[in-house]
Structure formats: structure tokens, C-alpha cells
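Comments concern the structure below.
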Amino acid sequence: MSIQSVGVIGAGQMGNGIAHVMALAGYDVLVTDISQDALDEALSLIKRNMSRQVSREKIAPEAMDAALKQIRTTLKLSDLGHSDLIIEAATERESVKQAIFEDLLPHLKPETILTSNTSSISITRLASVTDRPERFMGFHFMNPVPVMQLVELIRGIATDEATFKACKAVVDRLNKTAASAEDFPGFIVNRILMPMINEAVYTLYEGVGSVLSIDESMKLGANHPMGPLELADFIGLDTCLAIMNVLHEGLADTKYRPCPLLTKYVEAGWLGRKTQRGFYDYR
Ligand code: CAA
């Protein structure tokens, strides 16, 4: 099926980035959230991020104007019922996502493809609460969405080929690259990235290096654009811990044990950039 309209659930960091790239690619975008403030903030952030792309000559001013006209917002989840493709990017909690899908189901057209931007929750389990596990898959963008080239497409156990092809066509139209992943904890990127970040926290915890020396080492010694601790602050330490817990529980291997220092920072409410304090102090 050909996708023309995209519904985005959640106007946070990931949701607004997804709306941004979808609108630039010419899709009709409808974004929903439970808070009008979150929707207003998302629209102003999209304008700011697109203006930055215009000023750096990544996109033309006319493309920005056209894209902004493609984005509408609503507080009513049921308004998304007419979308061809839905990308859920709500809070990373399984019970929240399941409740959203259950509320949405009665309003959906039969052919709508349902997807989740989850970074680690089982696609097969999420699909099982819906009426369309064959038309359900993981559609996982990287942060910041307008900049990062990759989208992971994750097949649940029942996802059919037509659904995969339709989602792959969307990724192609975004001029991004799809990586196909099977539904196992952390998929591909987080299965590899999070243990690296966790190991960086152990390196700090055991006094092998300071925050700055760990980050400098990986930037200058391994050519990473950000050091692992700076990246952890950027992603959110609560998100990093939640993903490590999914790997630890789902793969039942002590090599994924979250570092106690990571747990302690999260317990302190030091979640990285979003709380102005993590491994670095942003105040
Ligand atoms: N919207 C639009 N453009 C943006 C942007 C945004 N939100 N954020 C940055 N940019 C653009 C800038 O305009 C700039 O464009 P030019 O190249 O044209 O100058 C470019 O991105 C670089 O930005 P900056 O100059 O501000 O800063 P930088 O050079 O330090 O790059 C970065 C910032 C792109 C974030 C870079 O540090 C980077 O790639 N870091 C690693 C990010 C990463 O690993 N992300 C994946 C996280 S894991 C994940 O997302 C999965 C998960 O489930 C947890």
C-alpha cells in the first residue's frame, strides 16, 4: 500500500523529529499528545530546527514553508484513525504504549500500518495487544532525527512482507537508510551501543579515567562524534538504564548488568541534559 498520511503519537524529542522529517518528505502529518503545551512546544522546536537547516543551506526556505503546512496537531488520539501509517513515539513504558494502542484500535482503518519507535520493548509483545500483528512493526529513528541517517525496521514474529516493504518505501522517501533487524532485546543499535556506554560508566566507576578523559579517548581514539558519557547525557541516563535492564533481563547474561553508578545517577534524578545534570553539569 502507498502511504500518504502519517500519524505521530507523542510530541517529545523523538515525535517532533519524526514529524519534522515526514513533513519535509511531503507526507501529511498529524501529531497527537496529551498536552497542548507539548504540541505547541513541538511545533516551535520544529520551526527552530528547520530554520537552522535553512540557514545552513540544507533545505530551501520554500521547502520549510511547505513542510510546516503539512503538519497538523490534535489532542484527540482518535483523529489519527484515518492515517495510513502510525508511528507511536510516546513514553518508553510498555503499559503506556499498550494502553495507547488499545484506545486507538476502534478508530483505525483496517489497512493502517501500526508502528512503534520503541528503542527496546518487544515488537512482538506490543503487536499482540493489537488486532493486526501482521501489519505491526518497529520503526526506530535515532536522535537527533533530522540528522541521523539510520532507521531500524524491526519485524515482529508476525510482521508480513507487505508491511515491511511499505515501511521501507517510507524510509527511502525520507532519504534515510533502513537497517532490518529481528525482534530481540535492543535490536541492533542499542544491543551494541548501550553496553559500550555502560562500560564507559564502569570505567568511570572503577576510577580508570575521569569523565573528560573517557570522552576524549573515544572521540580522538575511536573517532566517535561524541564521547560515551556525553552521549549518555544526550540520550538520557534513565533511557540508557531502562535499555540496559531490558538487555540484562531479556538476554539473561551478567555481561549486561547495569553499572551501579548509572543506577545511582538515575535515582538522584541526574538524567543528563534534560535535567541539566548528568555526567556533565549544564546549569
Ligand atoms: N535538527 C536539525 N538539525 C540538527 C539538529 C536537529 N535537532 N541537531 C543538530 N543538527 C544539525 C546542525 O544544524 C548541524 O548541521 P551542519 O552539519 O549543516 O552544520 C549538524 O547537525 C551538526 O550539529 P552541530 O554543529 O550543532 O553540532 P555537532 O557537530 O556537535 O553535532 C550531533 C551534533 C549531530 C548530535 C553529533 O554530535 C552526533 O552525531 N552525535 C552522536 C549522536 C548519536 O550517536 N545519536 C544516536 C543516539 S542512540 C539513539 O538515538 C538510539 C536510541 O534508541 C537511544
Per-pair calculated FRET efficiency, R0 = 25 Å: Ser210 and Lys168 via Cβ, rounded to 0.05
0.05
For the pair Asp281 and Met196, what calculated FRET efficiency results from E = 1/(1 + (r/R0)^6), where r is the Cβ-Cβ distance and R0 = 30 Å, to the nearest 0.05?
0.80
Once you compute Rg and the Kirkwood Rh from C-alpha atoms, what is the Rg to Rh ratio for the range 137-242?
1.06
For Leu75 and Arg273, what is the calculated FRET efficiency with R₀ set at 35 Å and r taken between the beta-carbons, to the nearest 0.05?
0.80
Calculate the tail of P(r) for the range 190-275: the fraction of all Cα-Cα distances greater than 21 Å, expressed in %.
24 percent
In percent, how large is the relative contact order of the chain, given Cα pairs closer than 8 Å and 6 or more residues apart?
13 percent
Fewest-first ordering of Arg273, Arg135, Arg52 by Cβ atoms within 10 Å yields Arg52, Arg273, Arg135
Just to be sure I follow the definition: excluding the sites themselves, where is the longest run in the chain that has none of the GluC sites (Glu not before Pro) in a DSSP loop with at most 16 other Cβ atoms within 10 Å?
112-205
Relative to the longest principal axis of the C-alpha atoms of the chain, give the angle of the C-alpha long axis of helix 36-55, reported between 0 and 90° and rounded to the nearest 10°.
80 degrees
For the chain, longest principal axis from Cα atoms; helix 161-173 axis from its Cα atoms; angle between them, nearest 10 degrees, is 80 degrees
Using a 10 Å cut-off around each Cβ, can you sort Ser51, Ser217 from fewest to most neighbouring Cβ atoms?
Ser51, Ser217
What share of all Cα pairs of the chain, in percent, falls into each consecutive 5 Å distance bin?
1, 6, 12, 16, 18, 16, 14, 10, 6, 2, 0, 0
Neighbour-limited loop hits for trypsin sites (Lys or Arg not before Pro), the range 66-114 (at most 15 other Cβ within 10 Å; DSSP other than H, G, I, E, B):
Lys76, Arg93
Sum of -39500 (n - 2.57) over DSSP H runs of 4+, divided by residues of the chain (222 nm, nearest 500)
-14500 deg cm²/dmol
Only bridges whose two residues both fall in the chain count here: according to DSSP, what percent of them are antiparallel, nearest 5?
20 percent
Sort out for me the Cα centre separation of the range 149-218 from the range 36-89, rounded to whole Å.
24 Å
Evaluate the charge dipole of the chain about its Cα centre and quote only its size in Debye, nearest 20, assuming +1 on the Cβ of each Lys and Arg and -1 on the Cβ of each Asp and Glu.
460 debye
Before anything else, pin down the relative contact order of the range 1-138: Cα pairs under 8 Å, at least 6 apart, normalised by residue count, whole percent.
25 percent
What Kirkwood radius, in Å to one decimal, follows from the Cα pairs of the range 21-139?
15.5 Å
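Rule-based calculations on the coordinates, nothing more; no lab input. Predicted, not measured: the structure shown is a model, and the values here were computed from it. Because the Cβ atoms are built from the backbone with ideal geometry, glycine has one as well, and the counts that use them run over all protein chains shown.
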